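Undergrad: First, the structure itself, so that you have it in front of you.
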Amino acid sequence: MASILPDDRTTRRSREEIRLLMMTAGLDLLAEEGLGIGAEELTFKRVFDRVEVSTGKRLTNASVIRRVWTNQAEFQDDVLSAVAIAGDGGGEMGDTASAMIALLQSVDVSTPAGRRRGLSQICRVGGEASLQALVDSRRWSLWVGVWVLAVTGPQSERGRRIRKALVEGYETTTDLWVGLYQALINHLGLRVRAPFTLRQFTVSVGALIDGCAMRAGAEPDAPPIFRPTGPDGGSEPWSLFAVGLEALVMQYLEFDPDWPGAVDST
């Protein structure tokens, strides 16, 4: 007796479901295998196989061509654009915030000296957490690869589309970091020095950490820098990025003498 149950070979899926299945599988493959010289290895067949292995659902060329994408190249462009629009932060912000929660609770903000010590430790601990999150992130590595392809490739509609996605992702990520830095500034009683803006500070920090993360990937065993920043002048390890971050903080930010939580040190 023939089965009356739906079969994956005959079930007609919606365009939205197919798109989600394909994009998820494509991004997962890129995260595992890397970008190489482009997305050419991200073929429909390989993605169909990945969808079937991971979900048990079967897709064919007839499922996607002229229903979801015009051709394979258009699908590859969508995957690259998705990487680009996700920005370069990856899980960096979450790891940074987690590393600083306990530290912020222990910072003595009642005195200028306590706030200075707290700011230094935030640069050291938060900077290390941010750097390590980027170095360990496959998504960030993919973002760098897409950025290189976009800025070094020929001028074309495909390149313009991916560059537009990069700009959008970059702006979104920058806005998120501006919000986090503003919260830290408020907590520690800081303000941005004239004539700078908080966004300029955020862009500078982002450029520094991207460069340091690339360097760390090429030189993973570089020793830390030990500085006398611990209790009673004890030695503590600092990453190159944390040292640079502290320098940027001191250039762009200053303690606000009118901060409501400030205590007169005289």
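Undergrad: Divide by every residue of the chain the summed helix terms, -39500 (n - 2.57) for each DSSP H run of at least 4, and state the resulting mean residue ellipticity at 222 nm, rounded to the nearest 500 deg cm²/dmol.
TA: -20000 deg cm²/dmol
Undergrad: Rank-order 162-168, 78-84 by packing density, defined as the average count of other C-beta atoms within 10 Å over each peptide's residues, highest first.
TA: The most tightly packed comes first, giving 78-84, 162-168.
Undergrad: Moving to a separate point now. When the dipole is taken about the Cα centre of the stretch 156-266, and only Lys, Arg (+1) and Asp, Glu (-1) are charged at their Cβ, what size is it in debye, to the nearest 20?
TA: 680
Undergrad: Also: Once neighbouring chains are kept in place and the probe is 1.4 Å, which whole percent of the accessible area of the chain is contributed by carbon and sulfur?
TA: 58
Undergrad: Remind me, relative contact order of the chain in percent, using alpha carbon pairs under 8 angstrom and six or more residues apart?
TA: 21
Undergrad: Still on this structure: I'd like the accessible area for Asp175, computed on protein heavy atoms only with a 1.4 Å probe and all protein chains in place. Round to 10 Å², please.
TA: 90
Undergrad: Oh, and also: Leaving out ligands and nucleic acids, and using a 1.4 Å probe, what accessible area per residue does the chain come to in Å²?
TA: So the chain comes to 56 Å² accessible per residue, rounded to a whole number.
Undergrad: Let me ask something additional. Largest first, what is the accessible-area ranking of Ile122, Ile65 with a 1.4 Å probe? Kindly include the intermediate steps, with their values, before the conclusion.
TA: On the way: Ile122 15, Ile65 55 Å².
Sorted by accessible area, descending: Ile65, Ile122.
Undergrad: If R0 is 30 Å, what FRET efficiency do you get for Glu41 and Asp175 from their C-beta distance, rounded to 0.05?
TA: With a Förster radius of 30 Å, E is 0.35.
Undergrad: Just to be sure I understand the model, the point goes 7 Å from the Cα along the line to the Cβ. What's the resulting Asp28 to Ala97 distance in nm?
TA: 2.7
Undergrad: I would also like to ask the following. For the chain, would you read off the P(r) tail past 30 Å as a percentage of all alpha carbon pairs?
TA: Numbers: 15487 of 35245 pairs.
Value for the chain: 44 percent of Cα pairs lie more than 30 Å apart.
Undergrad: Using alpha carbon centroids, what distance separates the stretch 195-266 and the stretch 78-130, in Å?
TA: 11
Undergrad: Moving on to the next point. Which of the helices in the chain meet the span-like rule: DSSP H, Cα axial reach of 15 Å or more, Kyte-Doolittle mean at least -0.5? Show your work: numbers first, answer last.
TA: Values: long enough: 15-33 (27 Å, 0.17); 44-55 (16 Å, -0.27); 72-85 (20 Å, 0.47); 92-106 (22 Å, 0.54); 138-152 (21 Å, 0.84); 157-188 (47 Å, -0.40); 198-218 (30 Å, 0.77); 240-252 (18 Å, 1.49).
Sorted by number, the helices that extend far enough and score high enough are 15-33, 44-55, 72-85, 92-106, 138-152, 157-188, 198-218, 240-252.
The values are calculated or read from the model by the stated rules, or taken from the named source; none is laboratory data. Everything numeric here is computed off the predicted structure, so don't read it as measured data. Neighbour counts are summed over all protein chains in view; Cβ atoms, including those assigned to glycine, are modelled from backbone coordinates with ideal geometry. Areas reflect the complete protein model, heavy atoms only, side chains present, ligands, DNA and RNA absent. Shrake-Rupley method; radii C 1.70, N 1.55, O 1.52, S 1.80 Å.
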